[in-house]
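Engineer: Below you will find the structure I want to go over with you.
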């Protein structure tokens, strides 16, 4: 079609590093039982002509570094992170709306794990949501961001399913086991 790819040598060097490969290697999951292929085969997702859709909404594959770069760059702009949060939250609410009545814990575990966000466990303890993610896609900016996009989408999904505003604002990061784990709470 005549398009030329945009190249970013800094990202390409990171993606080829041994650290990047180690953190992002494929691992068996403990909590997630569905893959994107399972969801396509079961008709939950549709795949036609190279496009993946869910309930009429198009999804696209995107390298995980995009979330990191987007947040890192929007931090530099006044209200940039608030706008990023608001957009992510609204996307999550709309995703819940088109999904119909479902348990947010099961939906997030199945849906987001299948999309490559890691092995996800969502629990509701004492009325509060707790999300543990093992093997979240790692990029070397992980210390510089607070996962605004991911937290915003998940907050929106839970809010959309429950009808209550849920804000997942606390995040703990851990890389001691050679992968990126996140612990996200209200």
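None of the figures in this text is laboratory data; all of them are computed from the coordinates on show. Here the structure is a predicted model, which is why all the values come from computation and not from measurement. We place every Cβ from the backbone using ideal geometry, glycine too, and count neighbours over all the protein chains shown.
Engineer: Restricted to region 129-157, and to residues that are over 14 Å from the mean Cα position of the chain (by Cα) and without any contact (Cβ under 8 Å) to a residue 60 or more places away in the chain, which residue is surrounded by the most Cβ atoms within 10 Å (Cβ to Cβ)?
Structural biologist: The selected residue is 129.
Engineer: Please list, ordered by residue number, the helices (runs of 4 or more DSSP H) wholly in region 26-99 having 2 or more residues that are under 16 Å from residue 150 (Cα atoms).
Structural biologist: In region 26-99, 65-74, 80-99 are the helices (runs of 4 or more DSSP H) which contain 2 or more residues that are under 16 Å from residue 150 (Cα atoms).
Engineer: Among the residues of region 100-155, how many are part of a loop (DSSP other than H, G, I, E, B), touching a helix residue (DSSP H, G or I) at 6+ places or on another chain (Cβ under 9 Å) and farther than 22 Å from residue 52 by Cβ? First the steps, then the outcome.
Structural biologist: Keep residues of region 100-155 that are part of a loop (DSSP other than H, G, I, E, B), which gives 100-103, 115-118, 126-127, 137-147.
Remaining after also requiring touching a helix residue (DSSP H, G or I) at 6+ places or on another chain (Cβ under 9 Å): 101-103, 115-118, 137-142, 144-147.
Filter again for farther than 22 Å from residue 52 by Cβ, leaving 101, 103, 138-142, 144-147.
Here the count works out to 11.
Engineer: Then there's this: Of the conditions (1) buried (at least 16 other Cβ atoms within 10 Å of the Cβ); (2) more than 22 Å from residue 14 (Cα to Cα), residue 101 satisfies every one except a single condition; which number is it?
Structural biologist: Result: residue 101 passes all but (1).
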